[in-house]
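The block underneath contains the structure these notes are about, expressed in structure tokens.
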Amino acid sequence: MNASPPSVLEPFRIKSVEPIRLVPPARRREALRAADHNVFRLRADDVFIDLLTDSGTGAMSAAQWGAMLQGDESYAGSRSFERFRDAVRDLTGFEHVIPTHQGRAAERILFQVAVGLGDVVPNNTHFDTTRANLEAFGATPRDLPAAEARRPALAHPFKGNMDLAALERLLAAEGERVPLVLVTVTNNSGGGQPVSLENLRGVRALCDRYRKPLFLDACRFAENAWLIREREPGQGERAPKAIAGEMFALADGCFVSAKKDGLANIGGFLALHDDAWAERASELLILAEGFPTYGGLAGYDLEAIATGLEEVVQEDYLRHRIDSIAAFAARIADAGVPIVEPPGGHAVYVDARALLPHVPPLAYPGIALVNALYEESGVRACEIGTAMFGLQPDGGERPAPLDLVRLAVPRRVYTQAHLDYAADAVAAVAARREELHGYRIVSASRRLRLFTARFAPLAAAEREACEGREGRGDAYAGEPARALEDCLV
Ligand SMILES: Cc1ncc(COP(=O)(O)O)c(C=O)c1O
């Protein structure tokens, strides 16, 4: 037998199990109807395999659960905080470590310290909470992704990169309005596309030239480090932790949601070098989150994250994580289903508009696919397209640049057999694509409407009217309503 096991073989055994149940097809249809055809409104017990998000949905290890029992819940000076602080320092090299209840709290505190009215903040692509927090302080988030990110089928190794020429233009023209530069690793675009070390060095050089601090939005830092190891020349022999260390060393600070590569179900932190900013951030922490030695977290959460940060950079964990996503993507693509290439670190994106060209964007092909997939198999995915982003500030609607369906993979939760099942379900739905039809929105809130919207399937007459019309999906291909990357939260 071969000495090394296949890399998609899970590098863990299962000590504790949670039963999942595939409810019968009639129940799935009824559950979807009762949820107004919006899978965000489903009861999780009616879901068999949940690929809605990779955030906070991972499984903790025996070591993490063991560490949690050691949690020190002292209000001040907790031993668990010291362990957490040392783990973050060891990984990132940043002196000041500020624990928060999740990533968005860390962003908010940083922006309150550093960003003012009228400022412009560049990023490869802002995550939606980052964007919203900047806007809340009167600043303008500016997305500057590399051109390759805009082409879903293009297999470029570092689609998460920042467009350095665009960054330089911004700094030269409006530098006095830029308080800091952000880079998101991995970039959420297309399911966790990595940023190369070369690109990060380029950003650093520009920040030095224009004297700007550089912060990483680093919630998927370990997946980024592994993809650098796999794809960047000269990196193949390095330990993921050393690569991650080099990424952090190029920055002045970072904010992190520990719900991803912290391998925890809740938590986050801000870490930075600057003494004055850290002092101000600690004051704000006390106002909004808690005392600096626990922030928004319990002592046991700090223990879980400290252990998670040690585990997430282990080679066998990362090899399995990335290879298992690649195998999942390959099984879907091999069935002839169009996906965003190459698969990144945490999800596979199906191009619903390309798969369902008879469903116009304003009839939400992504919703049609998500709902058909749930009915087919009990697998829950997430629409990332016109239902999520089509609503315009004036109340009108425009097609998003792409209509995608994201299959996000929780960490250490599902086996490859589960992912094979989900991939085969996507293929089965794709095989009867002509039977899928669009939806209309019955009611929705004006903000983040996908979370709460109520949908109804289009009636036959409505379908005929819209499917025959000029508004076919492919007719919108060249008409970006917002930047493509905004569709890839
Ligand atoms: C790139 C990125 N930044 C920030 C956040 C916000 O983190 P949290 O959900 O912990 O507030 C997320 C969450 O998904 C994210 O993906």
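The values are calculated or read from the model by the stated rules, or taken from the named source; none is laboratory data. No experiment lies behind these values; they were computed from the predicted model shown. Neighbour counts run over all protein chains shown; Cβ positions are idealised from the backbone, glycine included. For the accessible areas, the whole protein counts, side chains as well, though only heavy atoms, and no ligand, DNA or RNA atoms are used. Shrake-Rupley method; radii C 1.70, N 1.55, O 1.52, S 1.80 Å.
Assorted remarks:
- Area of GLU82 that stays accessible when all protein chains are in place (1.4 Å probe, Å², to 10): 90
- At a probe radius of 1.4 angstrom, the accessible area of the chain per residue rounds to 40 square angstrom.
- Net charge contributed by nearby residues that have their C-beta within less than 12 Å of VAL348 (K/R +1, D/E -1): -1
- Dipole of the range 254-405, positive end: most advanced residue of TYR374, LEU355, TYR294 [Cβ charges, Cα centre]: LEU355
- Calculated diffusion of the range 292-438, Stokes-Einstein form, Kirkwood radius summed over Cα pairs, 10 °C and 1.306 mPa s, µm²/s: 94
- Rounded to the nearest 5, the antiparallel percentage of DSSP beta bridges internal to the chain is 65%.
- Value of D in µm² per second that Stokes-Einstein yields for the chain, Kirkwood Rh from Cα pairs, at 4 °C (1.567 mPa s): 56
- Each of ALA31, THR57, SER74 was scored by the projection of its Cα onto the charge dipole of the range 17-141, and the greatest displacement toward the positive side belongs to ALA31; charges sit on the C-beta of Lys, Arg, Asp and Glu.
- Across the protein chains, with a 1.4 Å probe defining accessible surface, the residues VAL8, VAL23 rank VAL8, VAL23 from largest area downward.
- Dividing the helix sum by the residues of the chain, where each DSSP H run of 4 or more adds -39500 (n - 2.57), gives a mean residue ellipticity at 222 nm of -12000 deg cm²/dmol.
- In degrees, nearest ten, helix 275-288 long axis to first principal axis of the chain (Cα): 60
- Using a probe of 1.4 Å, the accessible surface attributed to TYR364 totals some 10 Å² when neighbouring protein chains are kept in position.
- Gyration tensor (alpha-carbon) shape descriptor, the range 153-196, a/c threshold 1.5: prolate
- Here the dipole of the chain is about 720 debye; that uses its Cα centre as origin and unit charges on the Cβ of Lys and Arg (positive) and Asp and Glu (negative).
- Antiparallel DSSP beta bridges within the range 94-247, percent to nearest 5: 20
- Accessible area, probe 1.4 Å, largest first, for residues TRP277, TRP226: TRP277, TRP226
- Largest to smallest in accessible area, the residues GLU176, GLU341 fall in the order GLU176, GLU341 (1.4 Å probe, all protein chains included).
- Rounded if a/c under 1.5, otherwise prolate or oblate - the range 293-367, Cα gyration tensor axes: oblate
- Per-residue SASA entry for ASP252, accessible area with 1.4 Å probe, Å² rounded to 10: 50
- Cα-based shape type of the range 406-456, given that a ≥ b ≥ c are square roots of the gyration tensor eigenvalues and the cut on a/c is 1.5: oblate
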